[in-house]
Structure formats: structure tokens, C-alpha cells
1. So which residues in segment 42-71 are of a type in the set (F, W, Y) and under 20 Å from A25 (Cα atoms), if there are any at all?
2. Only one of (1) exposed (fewer than 11 other Cβ atoms within 10 Å of the Cβ); (2) under 13 Å from the mean Cα position of the chain (by Cα); (3) modelled with pLDDT of 85 or more; (4) not hydrophobic (A, V, I, L, M, F, W, C) is not met by K30, so which one is it?
3. Could you list all residues from segment 9-27 that are more than 21 Å from F54 (Cβ to Cβ), outside any helix (DSSP H, G or I) and either modelled with pLDDT of 80 or more or within 15 Å of the chain's Cα centre (by Cα) (or both)?
4. In segment 33-66, how many are at pLDDT 80 or above, of a type in the set (A, V, I, L, M) and surrounded by fewer than 12 Cβ atoms within 10 Å (Cβ to Cβ)?
Amino acid sequence: MPRSLGPAVPLEEPGIRAVPGHAAAQGALKDLDTFSCSIGGIALTQLANAEILFGTVLATYGEQHSRLRRVLSRQPASGPASPR
């Protein structure tokens, strides 16, 4: 697939878009108007979008995505857990 075709190339079979290369993938991740998970998901099947990825950090954006990333990015404390 030639990169000269653009940052996202439609593949007729199986009806998806391919994003070749690191720079194009970074651009797609930042372009929420075109590549938002709310438009139809990020997985190859609707089953995966609905039952596997729904509500995960991979399939959210905006404030919900930021909130999940903050929780997942916290470093666990070393040593035994202390009661709160």
C-alpha cells in the first residue's frame, strides 16, 4: 500500500481504513473529528467494539479518556498496602 495515497487508505475488503506508518498513526490519534472511537469503534468488528473495548481507555476520548489514563498511570506504592 503506497503511503502516497494519503494518511488513511480505505481497504474495500474488509471495509476498513489502513493507516500506514508511525507519523500517520500519530496524526490519526490526534484527529478526533475523523478518527473518533464514537463514530463506529476502533476494532475490526462491532462485537469487539461493543463487548470487549467499550468503556476502556482505548475506546474513550475527552474527559473520560483523561480520567482513565490518570488512574492507570499512577505508580503503585511499594510495600504493603495501608488502610485509608
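1. Y61, the sole residue that qualifies.
2. Checking K30 against (1) exposed (fewer than 11 other Cβ atoms within 10 Å of the Cβ); (2) under 13 Å from the mean Cα position of the chain (by Cα); (3) modelled with pLDDT of 85 or more; (4) not hydrophobic (A, V, I, L, M, F, W, C), the one that fails is (3).
3. Hits for segment 9-27 are A18, V19, P20, G21.
4. Number satisfying all stated conditions: 1.
The values are calculated or read from the model by the stated rules, or taken from the named source; none is laboratory data. Bear in mind the structure is a predicted one, so any value in this text is a computation, not a measurement. All Cβ positions, glycine included, derive from the backbone under ideal geometry; neighbour counts span all protein chains shown.
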